[in-house]
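Heads up: the structure comes next, in structure tokens.
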Amino acid sequence: MHARADQRIRVTLTLNGRERSGYAEPRTQLCDFLRHELGATGTHVGCEHGVCGACTVRVDGRASRSCLMLAVQAEGRRLDTVESLAGEEGLSDLQQAFRRHHALQCGFCTAGILMSCEEFLDRVADPSEAQVRDMLSGHLCRCTGYTGMVQAVLEVARTHREAAVPDSQQENNDV
Amino acid sequence: MKPAAFDYLRPSSRREACELLYEAGDDARLIAGGQSLMAVLNMRLAQPKRLIDIAGIEDLHYIERRDDHLAVGAGVTQAELLEYPGLAGAVPLLAQAMPWIGHWQTRNRGTVCGSIAHADPSAELPLCLATLGGEVVLENRRGKVRRVAARDFFQGVLTTDRHPDELITEVRFPLARPGAEYRFHEVAMRHGDFAIVALAAVIDSDRVTLGVGGVADRPVSREFARHDDPSEALNALAWSLGAEDDAHATAAYRRQLIRELGRELIAGGPSDEESAHARQG
């Protein structure tokens, strides 16, 4: 594939489970493509050089900064953004836990942080507080001081582990 | 900011990538994970006319344990290498050093070879490669393969021995030697920031190889006999690197870190508690 600098290239990807297409110049960042071309404005753009983590989305499942990726590099990939989290039943477990623990205030950084935490919880079933803080170190939040986020992530991990225990084992534990 | 305009080229083979590099000369930059380059492009510190994306080249995506080294292809991300099941046994220094690279989210896209190619003097992977005495494998547009020792590859700040028409296809980390111990530690303003001083140590019964990152214009490693008191060797190493004052630390502080952290690493490494604290700090 060879695209001229002024050429608009058709980019097709799967956004939150739906196939979507739009046009991007080679230099268009993925975050701008999502917001301006596909209208998915849940993803916020902060520093634009990979430091703050506000623009984090999941690319083929992996939390990635969408300002450090070109739209053309997302061709054919599966993208998940904050819009994918809440279902018809309402907020996801993680979103509810964020609300309960006051893990957000102004909310600007939250869309990216939620996407990192989602991947983290998929990959680390029984995290320590140090592991959660290490993962969150890839994000800047100027409101909360992070403590609420740590509590929210640890609580969701615990709840999911308890829910995953088979019934027979639960009975044994009760005895 | 937004990058300046560039042509975007996505070759499907190594040979095609090298041809494109040769045609473009100094006007082109290679991109793989882009976790260093994209920031540089966004801030317009670099404004290449062409960007050559090697993500579409299938046969660069492998991790292979061979007789005496672990080979990592240019398509492998840092997260993938960290998750490689045999990593702690094969190259224990990498298992210790890699969690210090950037953040979870940047390791998900940043590649191992990309960090070597970028050659930041404070980066962890070039330091590991230099300390272990590893190699970089390059290929040019005629298919000629060149193997360069790490100590010859890194030539200064963001400067390497790569020829303009060459692609790094692989890096080779020597496998752990029986009986040797491997340790890593670094000090930065916050975890994930550029290291003020990073140290990598290979400790045998009779000698120590200590690598230092973040001080000189490239990672530097020195070997010395293992005495009861390594103070003299550490002091000589600290003074030999031409440390300078900058916005993050003074030269004297860097020398002191080399002496103190060096002593701790050789004696058995900072305690887990200190490490955990530093990792969180």
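Pairs meeting the criteria (first residue in segment B:1-15 and over 20 Å from A:Gln7 (Cα atoms) and more than 7 Å from chain A (Cβ to nearest Cβ), second residue not in a loop (DSSP other than H, G, I, E, B) and not hydrophobic (A, V, I, L, M, F, W, C), beta carbons under 7 Å, at least 6 apart or on different chains) are B:Ser12/B:Gly56; B:Arg14/B:Glu139; B:Arg14/B:Thr169. Of the set (1) of a type in the set (S, T, N, Q); (2) under 26 Å from A:Arg161 (Cβ atoms); (3) away from every other protein chain (no Cβ under 14 Å), all apply to A:Thr56 but (3).
Taking the conditions (1) closer than 14 Å to B:Leu167 by Cα; (2) touching a helix residue (DSSP H, G or I) at 6+ places or on another chain (Cβ under 7 Å) in turn, B:Gln35 satisfies each one other than (1).
Scanning segment B:198-214 for residues that are over 15 Å from B:Trp100 (Cα atoms), touching a Pro at 6+ places or on another chain (Cβ under 8 Å) and buried (at least 23 other Cβ atoms within 10 Å of the Cβ) yields a count of 1. Of the residues that sit in segment B:130-148 and are touching an Asp or Glu at 6+ places or on another chain (Cβ under 6 Å) and in a strand (DSSP E or B), which one is nearest to B:Leu199 (Cα to Cα)? Of everything passing the filter in segment B:130-148, B:Val148 is nearest to B:Leu199 (Cα to Cα). When you look at A:Ser66, is it surrounded by 20 or more Cβ atoms within 10 Å (Cβ to Cβ), under 27 Å from B:Lys49 (Cα atoms) and not hydrophobic (A, V, I, L, M, F, W, C), yes or no? Yes: the conditions hold for A:Ser66. In segment B:138-149, the qualifying residues are those that are touching a residue at least 40 places away in the same chain (Cβ under 8 Å) and surrounded by 13 or more Cβ atoms within 10 Å (Cβ to Cβ), and the one that is farthest from B:Arg172 (Cα to Cα) is B:Arg141. Tell me, please, whether a residue that is more than 10 Å from chain B (Cβ to nearest Cβ), touching a Lys or Arg at 6+ places or on another chain (Cβ under 8 Å) and at pLDDT below 95 can be found in segment A:148-167. For segment A:148-167, residues more than 10 Å from chain B (Cβ to nearest Cβ), touching a Lys or Arg at 6+ places or on another chain (Cβ under 8 Å) and at pLDDT below 95: absent. The criterion of at least 2 residues that are over 23 Å from B:Thr77 (Cα atoms) and free of Cβ contacts under 8 Å to residues at least 40 places away in the same chain is met by the following strands (runs of 3 or more DSSP E) wholly inside segment B:153-267: B:220-225. For segment B:1-18, filtering for residues that are in contact with a Pro (Cβ under 8 Å, 6 or more places away or on another chain) and more than 14 Å from B:Ala117 (Cβ to Cβ) leaves 4. All conditions but one from (1) in contact with a Phe, Trp or Tyr (Cβ under 8 Å, 6 or more places away or on another chain); (2) within 12 Å of chain B (Cβ to nearest Cβ); (3) in contact (Cβ under 8 Å) with a residue 40 or more places away in the chain apply to A:Arg62; the one that does not is (1).
The values are calculated or read from the model by the stated rules, or taken from the named source; none is laboratory data. This structure is a prediction, so every number in the text was calculated from the model and none was measured. Ideal geometry is used to build each Cβ from the backbone, glycine not excepted, and the neighbour counts take in all protein chains shown.
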